[in-house]
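K.L.:
I am attaching a structure below and will ask some questions about it afterwards.
The numbers here are math on the coordinates, done by the rules we state, and not lab data. Quick caveat: nothing in here was measured; it's all calculated off a predicted structure. Neighbour counts are summed over all protein chains in view; Cβ atoms, including those assigned to glycine, are modelled from backbone coordinates with ideal geometry.
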Amino acid sequence: MKRIFLIAILSTLALAACHSSKKSNVEPPRELTDITPTVSVQRVWKESVGEGAQDSGVRMRPAYDDGTLFAASTDGVIEALDAKTGKTLWRNKTRTHGWFGWGDKKIRKDALYAGGPGAGEGLVVTGTLDGHVYAFDAKTGKQRWVAKVSSEVISAPVVLKDITVVRTNDGNVFGLDTETGKQIWLYDQDTVPPLSLRGNGPLLVARGVIFFGTDDGKLVAIRLDTGEKLWDLPLATGEGRTDIQRLDDADVGVLIDGSTLYASAYHGELTSIDGPTGRPGWHRKFSTYTSMDIGGNAIVGVDDASNVWAFDKGTGSDLWKQDALQWRWLSAPAVQQDKYVVVGDLKGYVHWLDLSNGKIAARERLSHKAIRSQPLVVGDMVYVEDVEGDIGAYRLGSSTP
């Protein structure tokens, strides 16, 4: 059954609300107000990589490894940049693995990168909308291998010493040999609901176990070496008459702190879970469409109205709520230095919130295009990518009185 993807629908409606003079049930983005910055932020460089995600609905996010930033786009470009300067180290324009014909003509198409990239073990690995996985040498950009999987890949592969883990949009998880790309194991999700959020949350790998949320509202744990399922836990139970009312997607990423996991779902709950056993701890109502982050004593998330929340990780109780960015279709939040929360919005703004109280501490503008992917934090640097492939590097400075 053809799947309907909610994020694309909601984004279209939000943009329509901005440009239409007719009455609409869609809430317009809250207007930004002037702020007095309490921390200095400097843009170090800005570069463009291909055409970005465009209207594909995927969240293209750079990867960082050993001083190098790697980025890919839906028009077949994958590029390595010096993380300090933004200088291009190598660039690869990839064609698909195989020929596609229309009538009597056969054309080799650009690789439609949409998943990743992921980096590690001297490799950069990314997936495509037509179900291929490409691996490149991180130093030279030379293609090392290509593998075929069951469906489009729209989240970053996890590259480890022996196994590269890839999630496909039909719910399957593949364990591929990092050296050759050959399939080692397959975790097959039997059924996928007809309606889900567009995208797959990042896979979490810890202590030989892979954790991920599913489109039907469950958190699943499988073995890294074999793909065998260890346990699963429902995070949401869809209720209502329509598919949208029953939407209970938990495919928005998982957090870990010590041996405790934290996961949430759309139309579901934020839950703490004992990692080894899968037993739930505290839980509270919280509906989110994107991944969360953790810093200090706080779990930070964005709800389905783009309010930013912080919760006590020990109890789940509210620490603060920031509604000044409501309906601006924020990216997933990223915690920087346990002091600030960084989010992007649909107009290309990047916001820094004080982790202690939720107040907006700084604001910069990357572009006039939406930022859908989670900012990438590396020490005092933040790397942000918009939907057209513009990447900005920002340095966090000192607090101001």
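K.L.:
Between residue 312 and residue 36, what length in nm is gained on full extension when 0.36 nm per residue of separation is reduced by their alpha carbon distance?
P.N.:
Here the segment from residue 312 to residue 36 would lengthen by 96.6 nm.
K.L.:
Right, next: Treating the beta-carbon of each Lys and Arg as +1 and of each Asp and Glu as -1, no other charges, what is the dipole magnitude of region 311-377 about its Cα centre, to the nearest 20 debye?
P.N.:
300
K.L.:
By how many nm would the segment from residue 339 to residue 148 lengthen if fully extended, with 0.36 nm per residue of separation less the alpha-carbon distance?
P.N.:
Gain on extension, residue 339 to residue 148, equals 64.6 nm.
K.L.:
Suppose each label sits 7 Å from its Cα in the direction of the beta carbon; what would the residue 91-residue 183 distance come out to in nanometres?
P.N.:
Placing both labels 7 Å along Cα→Cβ, they lie 3.6 nm apart.
K.L.:
Please work out how much length the chain gains when fully extended from residue 321 to residue 137, using 0.36 nm per residue of separation minus the C-alpha to C-alpha distance, in nm with one decimal.
P.N.:
61.9 nm is the gain from fully extending residue 321 to residue 137.
K.L.:
Please state the shape class of region 283-401: rounded when a/c is under 1.5, otherwise prolate if a/b exceeds b/c and oblate if not, all from the C-alpha gyration tensor.
P.N.:
It comes out oblate by the Cα gyration axes.
K.L.:
Which peptide among 315-326, 333-344 comes first, and what is the full order, when sorted by highest mean count of other Cβ atoms within 10 Å?
P.N.:
Descending mean neighbour count gives 333-344, 315-326.
K.L.:
Going by average Cβ neighbours within 10 Å, how do the peptides 390-397, 123-130, 74-81 rank, with the highest at the top?
P.N.:
Answer by packing, highest mean first, reads 123-130, 74-81, 390-397.
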